[in-house]
Amino acid sequence: MIAIKGVSKNWREFSLKNIDLEVRKGEYFVILGPTAAGKTLLLELIAGFYKPDHGEIWVNDKNVTRMPPEKMGIGFVYQDYSLFPHLTVKENIEFGLKLKKMPKEDVEKKLKEVMKMLDISHLSHRYPRTLSGGEQQRVAIARGIVIEPSIMLLDEPLSALDTRTQIRLREELRRVHRGAKLTTIHVTHDQTEAMALADRIGVMMDGEIVQTGTPEEIFHSPIDEGVAEFVGVENIIEGIVESSEEGATTIRINDHIIEAISSAEAGSRVRICLRPESITIAPSKTTSSARNTFSGTITQLVPLGATYRVEIDCGFPLVALITKTSMEDLGLRAGKKVCTSFKASSVHVL
């Protein structure tokens, strides 16, 4: 559906570097990366707002690299909504249809369909300044999809909203995506948002797409330490492979042995990656199917709302994530001795 082939672009002191990316028809593709990674610039190149210095952009087997944006048939929703303040909700949404010189009766029909889909029919005569952030974003999405684009581009569409509204609109975006069968590219720095929405994710760092894959692949099998740190793998520990046979690998970290599923060669120096939510904490050693079990002492508890970040010294540092309820039930506190465990399949080896 969308093929980005060797695209580069210099923009002031920033550069996009040789981007190669394919987005499948009907896919919800998320470009995930930190601030200033180049995500919005890439989106604007796809939309035709800027032209690449090198490379090509293809849509439906057609080279659209030099095509003007008004002929691209693409819907674009910015982070700040970009609604026309002097127009009502109805007038904002129908703006693109009028540019296409669509017959009045068809305009009215499309308006009703889209406003009903996004539950904003009751707002039709209101002005943007009278709407909440969530309502404005719904109007912006409606304006984007009413023209029946083949592609929808979303630039940090939820970042300015409160958490409850973000959750509701994430569900709304998935429903609209499925209902309209849109190919969607969604830019965000929010990992939860990416995990909740994406069919596939492209991680972008410093102007480059460094890894693409399913949410499971990105969050549990990061390609390098930079991606691992960005997607919340707090346990990145260096060790040496002691043995490796038919995928069963043992890794020495200080005086401890960790078992993993990996093809790393014996004697090689590696880094293991372990997500904090993959670690189980118990007050004492218990029977468990997990092949890695270590005693340790809690060094710090950090409250994160409904969860707690638990730092543990097991002869090597571990960070676990548990619920507030579990923390209270286990009576966890700094200085308490506990038993930690995690599965070999949870360990990703770099």
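If you check PHE29 against the conditions, is it under 28 Å from GLN136 (Cβ atoms), out of contact with any helix residue (DSSP H, G or I) (no Cβ under 7 Å at 6 or more places or on another chain) and surrounded by 21 or more Cβ atoms within 10 Å (Cβ to Cβ)? Write out each step before concluding.
On the way: under 28 Å from GLN136 (Cβ atoms): yes; out of contact with any helix residue (DSSP H, G or I) (no Cβ under 7 Å at 6 or more places or on another chain): yes; surrounded by 21 or more Cβ atoms within 10 Å (Cβ to Cβ): yes.
Answer is yes for this residue.
Taking the condition of being assigned to a helix (DSSP H, G or I) and under 25 Å from the mean Cα position of the chain (by Cα), how many residues in segment 45-86 meet it?
So in segment 45-86, the residues assigned to a helix (DSSP H, G or I) come out as 45-47, 69-71.
Filter once more, keeping what is under 25 Å from the mean Cα position of the chain (by Cα): 45-47.
Going through segment 45-86 one residue at a time, the tally reaches 3.
Here is a list of conditions, (1) part of a helix (DSSP H, G or I); (2) crowded, with 18+ Cβ neighbours inside 10 Å, and LYS116 meets all of them except one; can you say which number that is?
(2)
Looking only at segment 297-347, which residues are part of a loop (DSSP other than H, G, I, E, B) and farther than 24 Å from ILE261 by Cα?
LEU304, GLY305, ALA306, GLY331, LEU332, ARG333, ALA334, GLY335, LYS336, listed by residue number.
Is it true that some residue in segment 83-95 is surrounded by fewer than 20 Cβ atoms within 10 Å (Cβ to Cβ), modelled with pLDDT under 85 and not basic (Lys, Arg)?
no
Which is under 29 Å from ALA3 (Cβ atoms), surrounded by 15 or more Cβ atoms within 10 Å (Cβ to Cβ) and free of Cβ contacts under 8 Å to residues at least 40 places away in the same chain, of LEU111, LEU99, LEU41?
Details: LEU111 fails: under 29 Å from ALA3 (Cβ atoms); LEU99 fails: surrounded by 15 or more Cβ atoms within 10 Å (Cβ to Cβ).
Exactly one residue qualifies, and that residue is LEU41.
For GLU22, all conditions in the list (1) within 25 Å of ASP190 (Cβ to Cβ); (2) crowded, with 18+ Cβ neighbours inside 10 Å hold save one; what is the number of the exception?
Every listed condition holds for GLU22 apart from (2).
For segment 139-174, how many residues meet the condition of being in contact (Cβ under 8 Å) with a residue 12 or more places away in the chain and outside any loop (DSSP other than H, G, I, E, B)?
Result for segment 139-174: 20.
Residues checked against (1) in contact (Cβ under 8 Å) with a residue 60 or more places away in the chain; (2) in contact with a strand residue (DSSP E or B) (Cβ under 7 Å, 6 or more places away or on another chain):
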{"site": "ILE253", "(1), (2)": "yes, yes"}
{"site": "SER262", "(1), (2)": "yes, yes"}
{"site": "GLU265", "(1), (2)": "no, yes"}
{"site": "VAL270", "(1), (2)": "yes, yes"}
{"site": "SER278", "(1), (2)": "yes, yes"}
{"site": "ARG291", "(1), (2)": "no, yes"}
{"site": "ILE312", "(1), (2)": "no, yes"}
{"site": "LYS324", "(1), (2)": "no, yes"}
{"site": "ASP329", "(1), (2)": "no, no"}
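Across segment 235-252, what is the total count of residues that are of a type outside the set (S, T, N, Q), more than 24 Å from ILE322 (Cα to Cα) and crowded, with 17+ Cβ neighbours inside 10 Å?
Selection size over segment 235-252: 3.
Just one of the numbered conditions (1) in contact with a strand residue (DSSP E or B) (Cβ under 8 Å, 6 or more places away or on another chain); (2) in contact (Cβ under 8 Å) with a residue 60 or more places away in the chain is not true of LYS5; which one?
(2)
The values are calculated or read from the model by the stated rules, or taken from the named source; none is laboratory data. Since the model is a prediction, treat every value here as computed from it, not as a measurement. Virtual Cβ from ideal backbone geometry, glycine too; neighbours counted across all protein chains shown.
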